[in-house]
Structures are given as structure tokens and as C-alpha cells.
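The values are calculated or read from the model by the stated rules, or taken from the named source; none is laboratory data. The structure presented is a predicted model; accordingly, all values stated were derived computationally and were not measured. Note that each Cβ is placed from the backbone with ideal geometry, even for glycine, and that neighbours are counted across all protein chains shown. Calculation scope for accessible area: heavy atoms of the full protein, side chains included, ligands and nucleic acids excluded. Shrake-Rupley method; radii C 1.70, N 1.55, O 1.52, S 1.80 Å.
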Amino acid sequence: MAAYQANGARLGWLLIPHQQAVEVWSSSGDKQRFEGLSVLEAGPEFPELQLGIEEIWAG
């Protein structure tokens, strides 16, 4: 994710299906980890962006 941020990415989502976890990297470089989400929201970077991830977890 550091390479994406170095090239201007304002938000990064790293999905880890076997753990049903998501790492969210913000433009500030901070990383948060969430587990068991069914909907992933982009927050203030992209207020209308949501991703349903239940199908990804289901495989």
C-alpha cells in the first residue's frame, strides 16, 4: 500500500478473505483493521462509495 500512496492514492483497501478482514489505509498513511464486515464504506475520502463484501467472504 505504501507504493500506491506514494503515487497519490488517497485510500486503499486490502481484503484478506481467509480471515474475513479488511485493512483500510487512509491518505494520512494510517492503517485500520476490521473483521467480519458485510459492507465496506470509503468514508470521507469518497462519501458515496460502498462495497458489499459478503460474497467475497462466501468464496
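With an 8 Å cut-off on Cα pairs and a minimum separation of 6 or more residues, tell me the relative contact order of the chain in percent.
After rounding, I find 24 percent.
Only Lys, Arg, Asp and Glu count, each charged at its Cβ (+1, +1, -1, -1), so figure out the dipole size of the chain about its Cα centre, rounded to 20 debye.
So the dipole magnitude of the chain works out to roughly 220 debye.
Can you work out the accessible area per residue across the chain, with the rest of the protein chains kept in place, probe 1.4 Å, in square angstrom?
So the chain comes to 72 Å² accessible per residue, rounded to a whole number.
Probe radius 1.4 Å, ligands and nucleic acids ignored: give me the carbon and sulfur share of the accessible area of the chain as a rounded percent.
51
Picking from 42, 56, 28, whose Cα lies most toward the positive end of the charge dipole for the chain (charges on Cβ: Lys, Arg +1; Asp, Glu -1)?
Farthest along the dipole direction, towards plus: 28.
Going by average Cβ neighbours within 10 Å, how do the peptides 21-28, 6-13 rank, with the highest at the top?
With the highest mean Cβ count within 10 Å placed first, the list reads 21-28, 6-13.
Could you give the spread of the C-alpha atoms of the chain along their three principal axes, from largest to smallest, in whole angstroms?
Each principal axis gives a Cα extent; for the chain these are 33, 24, 15 Å.
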